[in-house]
Amino acid sequence: MNALYNHAVKQKTQLQNDLGKFENDLLNSPVSLQGSISATLVSFERTIKQLDDYLNRTSSDNKDSEDSNHAKFQARLVGLQNDHKEYQDKFKQLKTEYNINR
């Protein structure tokens, strides 16, 4: 579980960096940056899905001592899902601006 979460955090950081680069140099950024952002968004979404699947599988097996861990990871999952939606929306907005100004 921790490995999946750590991987998601790395993807999140990569998206933040790439979206920042794209936003700061919208007209001069390489098209490959848009491809990288798209690929990372898809990969991030898959990682979030894997986390969700894992939590759903383990929720029925949880013992009382593991409930706090499950709740912690559930809260992290919700945060990652919100981040993904935010990054996806930001990317759509930046692509629209890019296409208008080209």
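The values are calculated or read from the model by the stated rules, or taken from the named source; none is laboratory data. What you see is a predicted model; the values in this text were computed from it and never measured. Neighbour counts are summed over all protein chains in view; Cβ atoms, including those assigned to glycine, are modelled from backbone coordinates with ideal geometry. What goes into the accessible areas is simple: the full protein's heavy atoms, side chains included, and nothing from ligands, DNA or RNA. Shrake-Rupley method; radii C 1.70, N 1.55, O 1.52, S 1.80 Å.
With respect to Ser43, is the statement that it is at pLDDT 90 or above and not in a helix (DSSP H, G or I) true? No. Scanning region 1-49 for residues that are acidic (Asp, Glu) and closer than 19 Å to Arg76 by Cβ returns a single hit, Glu45.
Among all residues of region 45-60, there is at least one that is under 20 Å from Lys92 (Cα atoms) and open to solvent by 60 Å² or more (accessible area, probe 1.4 Å). Per this entry, Tyr98 is counted among residues that are among the aromatic types (Phe, Trp, Tyr), touching a Leu at 6+ places or on another chain (Cβ under 6 Å) and at pLDDT 90 or above.
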